[in-house]
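The block underneath contains the structure these notes are about, expressed in structure tokens.
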Amino acid sequence: ILNVEQSPQSLHVQEGDSTNFTCSFPSSNFYALHWYRWETAKSPEALFVMTLNGDEKKKGRISATLNTKEGYSYLYIKGSQPEDSATYLCAFITNAGKSTFGDGTTLTVKP
Amino acid sequence: DVKVTQSSRYLVKRTGEKVFLECVQDMDHENMFWYRQDPGLGLRLIYFSYDVKMKEKGDIPEGYSVSREKKERFSLILESASTNQTSMYLCASGYGTAENTEAFFGQGTRLTVV
């Protein structure tokens, strides 16, 4: 079983704070790295698909970076809003098509 | 919009029953996946399939089997349900190319085995 770790496990921030969290993954057999947002009572939804070392992706106030050589990805949220409250999952995809998810970082943004 | 539909939202079954969880996607995706989600353990891959009649074991295949007779349908089978299979089950589908591998998830089936 591949080791995909996310930190921190949970995070509580005030509205307007910027925050970031980490996903660590194996540096071999890399095919893609995904970030998902999973809101309570909903299904996980993809935020980013990252495939190349040095990739940087952005969607509104959320951005992500990728370092495949050292095996980590960062997710950044600028100016957090209460609607950003969710669990953020990363998934490591091997070149055999297998996906392994981290346990997630649960973000709570207080108004 | 991509739609991944799981046949039941909630299911209660008895120990020893054979249980079928059905999943259908409408986007002609090559890949389909079954996960289970348990508190503190994240999403764990049970089985996945990258083509019709093809299947690959994930991290926790024991006690499960799958069937993919048609491209749009991926079934998870619990041959003899046990209480430790009480969980939330999520189906997902996606394309097979690197830039388009993100998974689209169904709404989940919460299975309780009594």
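Identify, please: which residue in the range B:69-94 is part of a loop (DSSP other than H, G, I, E, B) and either under 25 Å from residue B:17 (Cα atoms) or facing chain A (nearest Cβ under 10 Å) (or both) and is, among those, modelled with the lowest pLDDT?
B:79
Which condition from (1) touching a Leu at 6+ places or on another chain (Cβ under 8 Å); (2) modelled with pLDDT of 95 or more is the one that residue A:109 breaks?
Going through the list (1) touching a Leu at 6+ places or on another chain (Cβ under 8 Å); (2) modelled with pLDDT of 95 or more, residue A:109 breaks only (1).
Checking residue B:78 against (1) in contact with a helix residue (DSSP H, G or I) (Cβ under 9 Å, 6 or more places away or on another chain); (2) within 24 Å of residue A:40 (Cβ to Cβ), only one condition comes out false. Which one?
All conditions are met except number (2).
Looking at A:100, A:108, A:65, can you tell me which residue is closer than 23 Å to residue B:93 by Cβ and among the polar types (S, T, N, Q)?
A:100
Given the conditions (1) within 14 Å of chain B (Cβ to nearest Cβ); (2) over 28 Å from residue B:107 (Cβ atoms), and given that residue A:67 satisfies all but one, which numbered condition is not satisfied?
Answer for residue A:67: the failing condition is (1).
Residue by residue, here is whether (1) part of a strand (DSSP E or B); (2) of a type in the set (A, V, I, L, M, F, W, C); (3) within 14 Å of chain A (Cβ to nearest Cβ) holds:
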residue: B:37; (1), (2), (3): yes, no, yes
residue: B:44; (1), (2), (3): yes, no, yes
residue: B:52; (1), (2), (3): no, yes, no
residue: B:112; (1), (2), (3): yes, no, no
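What pairs can you find where one residue is in the range B:32-47 and modelled with pLDDT of 95 or more, the other is among the β-branched types (Val, Ile, Thr) and surrounded by fewer than 18 Cβ atoms within 10 Å (Cβ to Cβ), and their Cβ atoms are less than 6 Å apart, with a gap of 6+ or different chains?
B:46/B:60
Does the range A:25-38 include one or more residues that are among the charged types (D, E, K, R) and in contact with a Gly (Cβ under 9 Å, 6 or more places away or on another chain)?
No - not one qualifying residue is present in the range A:25-38.
Can we say residue A:100 is assigned to a strand (DSSP E or B), more than 9 Å from chain B (Cβ to nearest Cβ) and either touching a residue at least 12 places away in the same chain (Cβ under 8 Å) or surrounded by fewer than 17 Cβ atoms within 10 Å (Cβ to Cβ) (or both)?
no
Going by the conditions given, is residue A:65 among the β-branched types (Val, Ile, Thr) and crowded, with 18+ Cβ neighbours inside 10 Å?
no
Can you pull out the residues in the range A:41-56 that are under 19 Å from residue B:41 (Cα atoms) and either more than 12 Å from chain B (Cβ to nearest Cβ) or crowded, with 20+ Cβ neighbours inside 10 Å (or both)?
A:44
The values are calculated or read from the model by the stated rules, or taken from the named source; none is laboratory data. Fair warning: this is a prediction, and the values are worked out from it, not measured in the lab. Cβ sites come from the backbone with ideal geometry, for glycine too, and all protein chains shown count toward neighbours.
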